[in-house]
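Read through the structure below, which is laid out as structure tokens, and then see the notes.
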Amino acid sequence: MNTATILVGDNRKTLSKIPDKTIQTCITSPPYWGLRDYGTATWLGGDEQCDHLGKPFSTRANINANSGGRDVKNAEMREFYKEQCGKCGALRQDEQIGLEQTPEEYVEQLCSVFDQVWRVLVDDGTLWLNLGDSYNASTPNRSGTNAFNDGRKNRNQRLTTGGVSGLKPKDLVGIPWRVAFALQARGWYLRSEIIWHKPNPMPESVTDRPTKSHEHIFLFTKSAKYYYDHEAIKEPVTESSLKRAEYAFHSDRPSTKNASMGGEGIHTEKMGERFVNPDGRNKRDVWTVPTKPFTGAHFAVYPTALIEPCVLAGSKPGDTILDPFSGSGTTGIVAILNGRNYVGTELNPEYANISEKRINDEVGFLGTVKVNHVD
């Protein structure tokens, strides 16, 4: 029976409880920069009865299903107080990542987490990192300064007090690649940029650019040689590829005819092994996986079908998989169902409880789950 352990607390502290070189692979999706408040703040001073949410700037009924943010239960989006409540003067105390004032601060905070991930990974371990991007706001907010948004009209989350220095209004910020290059500079091998293609993307009302229908998954490794089971995630070979191989074998053209039969083409054996193996082809770097809703309180949930190839390629049965941003526990579910152990870290105790129940419901007798609160 495999185990899932969820460590509750700031992952920059909880990861220190994990011994060196005990994790085979890390699969995670951190909070995207400037898009959501995950409700982990406490407030110092001010009015204890104040909700610290500010005035609503949108009351569309469908917001709570899609927008995220602290106020989703009230189905309205509100001004966001990052450092001090604008109504009662209380000071915000918060350890969550994603609300930094600048992209540079966000990148540095993520890198500090992945420095710890580097320590706990075995030498042939891998890191699979899913990240989405943000846009610099196209119009000023009510205070007269630019804010950030996720590129959808009327869904500006206003999570900061100003726009990105050096960027124009409407510019794509480029967060995934900023993080990728920073990790590369810190010693990680950047081995692959995988595109998560969403055939059912969130609708957007923009008319001056294409609708966003993808996110990035970066494959990083700790060493030049690392564990990667390509056989476990092979894709089916298309019928057209098999027909081309058959044609090459039987063709009388010297430039096409198989070399083992006197032609100038490549050996059928090699071509079959590398390109048209009937057992499957090497997995491509564009993964088409539909998004799926989750009715729990955690609203940023990636689908299990997106995580399974990472689990299968990056680990063996019995290995331990880490997610330092455990959230609703999707990585843990896929890990246990595939015979792996799981360690997750989560800042929000409510999400930790949600993931504990969700993992238990999904894996049944295949695994056990425990939640540990770390001081």
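Take the Cβ-Cβ distance between LYS21 and ARG191 as r, set R0 to 25 Å, and report the resulting FRET efficiency rounded to the nearest 0.05. Please list the in-between numbers first.
On the way: r = 20 Å, r/R0 = 0.79.
Once the sixth-power term is evaluated, E becomes 0.80.
Mind running the shape call on region 183-244? Use the C-alpha gyration tensor, a ≥ b ≥ c as the square roots of the eigenvalues: rounded below 1.5 for a/c, prolate if a/b tops b/c, oblate otherwise. Don't skip to the end; give the middle numbers.
On the way: a/c = 3.10, a/b = 1.17, b/c = 2.64.
Oblate shape, in that a/c is at least 1.5 and b/c is the bigger or equal ratio.
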In whole Hz, the Karplus estimates of ³J(HN,Hα) for region 172-179 (6.51, -1.76, 1.60; θ = phi - 60°; x where Gly or Pro) are 6, 6, x, 4, x, 6, 4, 5
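When 1/r is averaged over all different Cα pairs and the result inverted, which Kirkwood radius in Å belongs to region 324-375?
On the way: mean 1/r = 0.0920 Å⁻¹.
Taking every pair of different Cα atoms in region 324-375, averaging 1/r and inverting gives 10.9 Å.
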Rounded to one decimal in nm, the spacing of the 7 Å Cα→Cβ label points at GLU350 and LYS316 is 4.2
From the cross-link list LYS225/LYS316; LYS170/LYS292; LYS283/LYS357; LYS17/LYS316; LYS225/LYS370, the entries with a Cα-Cα span beyond 26 Å are LYS170/LYS292; LYS283/LYS357; LYS225/LYS370
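Provide the net charge surrounding ARG340, with neighbours chosen by a C-beta distance below 13 Å and charges set as Lys +1, Arg +1, Asp -1, Glu -1.
Numbers: positive: LYS316; negative: ASP229, GLU308, ASP319, ASP323.
Charge balance near ARG340 sits at -3.
Rule-based calculations on the coordinates, nothing more; no lab input. Note that the structure is a prediction, hence the values are computed from the model and not measured. In this analysis, Cβ positions are derived from the backbone assuming ideal geometry, glycine residues included, and neighbour counts consider all displayed protein chains.
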